[in-house]
Every structure is written in C-alpha cells, then in structure tokens.
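Enquirer: Take a look at this one; I'll ask things after.
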Amino acid sequence: MSFAIGIVGLPNVGKSTLFRALTKKQVPAENFPFCTIDPNVGVVAVPDERLETLAAISKSEKIIPTTIEFVDIAGLVKGSHKGEGLGNKFLSHIREVDAIAHVIRDFKDGNVTHVENRVDPESDEAIISLELAMADLATIERRLKDAVSNAKRGDKEAIRALSALEKIKAQLDKGAPARGADLNDNEQESIRELQLITAKPMLRVLNVDESEATRPAVHENEVVISAKIESELAELPVEDAKSMMADLGLNASGLDRLIAASYRLLNLITFFTSGPKETRAWTVTNGSTAPQAAGKIHTDFEKGFIRAEVISCQDFIGCNGETGAKEKGKMHLEGKEYIVKDGDVCYFRFAT
C-alpha cells in the first residue's frame, strides 16, 4: 500500500524546494510566483532500517520498501477561489491524496520574495485555510442543488447526503475545515466521492531558517524543516548526509520526520514479509486484521485466508531468522481475528 501526500502553500514558501529535496526530482523553483503550473509527482521509498537487517538475515535477493507519493501543485494566493493566481485551478490534482502537507514560510531571506511582502506564518496559514475552505464550499454548493431537488422526491440517498452537505456547509461558511463537521458513518460515506480537501487530515510543515532546523514542533501534527538544509542533504552520499545531520544536531532528516508524522496522522503501521527471494515492507491501517493485511499483498490472500504465521521483527532478528524463531517458540499461528502489529513478519497461508 502506497499513500499520497498533497503539498500546498503560498508561492515562494519553499514548497518546490522541499519537494525537490524529498524526491530528488528536479522541478522549477525560481524566485517568482506561479512557477510550478503542472502538478509534480514524486514517489519516494519509505526509509526503514529494519528492512536491511531482515534482508541480511533472510539472504534476500531483493529489498522492496513501501512508498509514499508527494504531489506538488502551484502556489495558492489570497483570492484564489475568486480566480486570482493559478493554484486554485490545480486543486483537483490533490483531491485524491490521503493527507495534505501545508508548507508555511518561517524563514527570513530578503532575496526570496514573499507574495504578501512579509513573513507571517499565522497569516499565511489563515490565507491557505480559507482558500481551501472556499474551494470546498463551491463543490458543496453545486452538490446541494441536486441533493435538495432529489430529496424532495423522496430519494433516500439524497436525504442522507443532504444532511451531511448542510453540516459541512455550516463549517465552510465560517472558514472552518470540513473535517470538523460532526458526521455519522452513513453521512461520511455519502460525501466520500466529493474528495473534499479540507476533510483530509493535514500536516503543518514549517519551513525555517537553517539556524532553527532543530526547533521542536509546538503544534499538533507539525513538522519543522529547513528546506534549504534538506536540499543540501539530498545531494550528498548517505554517509556524508549522516555526518552533516550529526553536525547540525539533527537525529533524522526532514524526509524521515515528515513520513513518521504522516504515518501518525493517518494511523498507519508497517508489517514485513521476508525470505530468500525478497524482503518487503507493507503499509496498513493500524487495527487491520490478518486477512486485511494479507489482502494488501493480493486480494486472493484475503479471500482464501486460512492462517498467518507471525514473528515479531525483534524476535526474527534476535533468533537470526524464521528457523531460529520457530525453534525458540517465537513464531505464533494466528487466525482471522488477529490484529497485525507494527513490525510483524508475516507468512500467510491461504486456499486457492
């Protein structure tokens, strides 16, 4: 399972610089608004030190990490929902992502023009939040017309959707995100296809000066990053990058911290499969059952699920592999009700 993060923000806040650093994919980052017009998409391997260790023990031919996709669109500006700038035209490119990363400028560099001619993170955040809310409001208002008409004819689906749409509209009318609306499960399902941007979970990515790269996050779901440092790290060999991070007092790169925050935000965990052919990481929602996890590998695995042979990553490493884990009683057989845990090394048995 791969998951996708959409990157939004005002022009010249460091979105494209960060995107280029995270994905090592060259995109325009000139010092003027609207330089990124088409969406830039980069797929990045999710770093996990456990993979290398498991692969070495299993003598795997291949190592396959799970991935994360970043989607970068043109910068939004104040009034985008009224047609100002270009960014609002490209919001459709991030409607299908799993979460939003809002990059906010908090670095002071007179050589980089700020579209509002000042550095004010809170104000920038408010502008983007409002623009996203207004974009969603336009979607809701279009759908409301049809829902009202169909509900009058007694359409049950329309009646259910109407309740959800009205609750969300009340949120958006005051500039608040759709995710704050109190919807029941049926109402959530009725508006899922709308892919509302403000209904998605959001990360606050604060782009700071190099001297503040170690500043701790203070807001919930916040990541503090120096895009300039990340850009430099991206160009270095692995060992040199580690040395640079140590010199700067960073215990992890911005990519690692952004991905870790994304996993927490989306409530995701990683399980593994490991053998001579390959060692592979798989991402599932925390709380997934063994059959659901098996289904991430192949739908037939979930349909014909019989049982799972499970060894914790720690035991797999400590016992030097599957054979040692079995000998020491560390492998356990689990059925359909088993909840997969982060770090589980699994082998699924299924009927064809």
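Enquirer: Calculate, for Asn320 and Ser92, the FRET efficiency according to 1/(1 + (r/R0)^6) with r their C-beta to C-beta distance and R0 56 Å; round to the nearest 0.05. It would help to have the intermediate numbers written out before the result.
Expert: Numbers: r = 51 Å, r/R0 = 0.91.
Once the sixth-power term is evaluated, E becomes 0.65.
Enquirer: Here is a follow-up. Restricting to Cα pairs below 8 Å that are 6+ residues apart, what does the relative contact order work out to for region 256-352? Please round to a whole percent. If you can, show how the numbers build up before the last one.
Expert: Values: 170 pairs, mean separation 34.0, N = 97.
Once normalised by length, the contact order is 35 percent.
Enquirer: Out of Ala199, Ala252, Ala234, any idea which swings most in a Gaussian network model of the chain, alpha carbons joined below 10 Å?
Expert: Ala252
Enquirer: Please find the FRET efficiency linking Arg153 to Val41, where r is the Cβ-Cβ separation and R0 is fixed at 30 Å, and quote it to the nearest 0.05.
Expert: Details: r = 42 Å, r/R0 = 1.39.
Efficiency, rounded to the nearest 0.05: 0.10.
Enquirer: While we're on this one: Let me have the 222 nm mean residue ellipticity of the chain computed from DSSP H runs of 4+ only, each contributing -39500 (n - 2.57), with the sum over all residues rounded to the nearest 500. Intermediate values should be presented prior to the final figure.
Expert: Numbers: 12 runs with 133 residues, N = 352.
My calculation for the chain gives -11500 deg cm²/dmol from helical runs alone.
Enquirer: May I ask for the longest run of the chain untouched by GluC sites (Glu not before Pro) that are loop-located per DSSP and have at most 12 neighbouring C-beta atoms (other than their own) within 10 Å? Display every interim value, and only then the final one.
Expert: Values: sites that count: Glu30, Glu61, Glu96, Glu220, Glu235, Glu337.
My reading of the result: 97-219 is the longest stretch.
Enquirer: Just grab the label-to-label distance for Asn186 and Ala170, each label 7 Å out from Cα along the Cβ direction, in nm (one decimal).
Expert: According to this spin-label approximation, the distance is 1.8 nm.
Enquirer: On to the next question. Fewest Cβ neighbours within 10 Å first, please rank Thr279, Thr23 accordingly.
Expert: On the way: Thr279 26, Thr23 20.
Ascending Cβ contact count within 10 Å gives the list Thr23, Thr279.
Enquirer: Kindly put Val43, Val77, Val238 in sequence by how many other C-beta atoms sit within 10 Å of each C-beta, fewest to most. All intermediate terms of the calculation are to be shown ahead of the outcome.
Expert: On the way: Val43 12, Val77 20, Val238 8.
In increasing order of surrounding Cβ atoms, one gets Val238, Val43, Val77.
Enquirer: Looking at the chain as a GNM with Cα springs under 10 Å, which of Ile128, Ile191, Ile94 has the largest mean-square fluctuation?
Expert: In this elastic network of the chain, the residue with the biggest mean-square fluctuation among Ile128, Ile191, Ile94 is Ile191.
Enquirer: Something else: Based on the alpha carbons, how large is the Rg to Rh ratio for the chain when Rh follows Kirkwood?
Expert: Working: Rg = 23.0 Å, Rh = 22.4 Å.
Rounded to two decimals, Rg/Rh equals 1.02.
Enquirer: If R0 is 35 Å, what FRET efficiency do you get for Arg349 and Asp146 from their C-beta distance, rounded to 0.05? Walk me through the intermediate numbers first.
Expert: Details: r = 48 Å, r/R0 = 1.38.
Approximately 0.15, to the nearest 0.05.
Enquirer: Below 8 Å, C-alpha to C-alpha, sequence gap of six or more: please give me the relative contact order for the chain in percent. Don't skip to the end; give the middle numbers.
Expert: Details: 675 pairs, mean separation 65.2, N = 352.
About 19 percent, as a whole number.
Enquirer: Among Ser149, Ser262, Ser92, which one shows the highest mean-square fluctuation when the chain is modelled as a Gaussian network with alpha-carbon springs under 10 Å?
Expert: Result for the chain, Cα springs under 10 Å: Ser149 fluctuates most.
Throughout, read-outs are computed from the coordinates displayed, never taken from laboratory work. Computed from a predicted structure; not experimentally measured. Virtual Cβ from ideal backbone geometry, glycine too; neighbours counted across all protein chains shown.
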